[in-house]
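Please read the structure below before turning to the comments.
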Amino acid sequence: METGALLRLAYLANILILVPVCWAMFFGNAMASVFQGTVTDSLGLRLLVGSLWAAILSASVFGLFMPVLFAPLLLVQIIYKALWLTLFVLPLVLAGKPAPWGIASIFAAIVLTYPFVLWRAWSS
């Protein structure tokens, strides 16, 4: 698969995932739907995370047209999602507490697949 096409698939995945998530962050009950009630609702936190995800969504749209230029966006996602999984989800699991498996599964899939997308993009 062509490098640009592979990157575009990652941006498209971001868009498909983030449109409903951003909607929930700004207009819905994100703490219940996105975080499955495992994070205490806070307007400041919801707007901070929602703004980050809206920025990633916007940059992903641009990435569809300029895939290589926006590839570092995928690296940022790998890093922050791996940190969240390690520092938030893993301690919950180890303590036997409920974890937000929906978002954790999506984050894990991205952390496991986007490095290969970037490797392919940057090695060609």
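Only the coordinates and a few stated rules stand behind these numbers; no lab work does. Note that the structure is predicted; figures quoted are calculated from it, not measured. Virtual Cβ from ideal backbone geometry, glycine too; neighbours counted across all protein chains shown.
Over the chain, the reciprocal of the mean inverse Cα-Cα separation, the Kirkwood hydrodynamic radius, stands at 15.1 Å. Taking only Cα atoms and a 10 Å spring cutoff, compute GNM fluctuations for the chain and point out the largest among Phe35, Phe27, Phe107. Checking each option, the largest mean-square fluctuation is seen for Phe27.
How do Tyr114, Tyr80 rank when sorted from fewest to most other Cβ atoms within 10 Å of their own Cβ? So the ranking, lowest neighbour count to highest, is Tyr80, Tyr114.
Relative to the longest principal axis of the Cα atoms of the chain, the long axis of helix 101-123 lies at roughly 20 degrees.
Among Arg120, Arg8, sorting on how many other beta-carbon atoms sit within 10 Å of each Cβ, with the fewest leading, yields Arg120, Arg8. For the range 34-76, taking the reciprocal of the average inverse distance between every pair of different Cα atoms yields a Kirkwood hydrodynamic radius of 11.8 Å.
Between 0 and 90 degrees, the angle of helix 72-84 with respect to the longest Cα principal axis of the chain falls at about 30 degrees. Using just its DSSP H runs of length 4 or more, each adding -39500 (n - 2.57), the chain gives a mean residue ellipticity at 222 nm of -24500 deg cm²/dmol after division by all residues.
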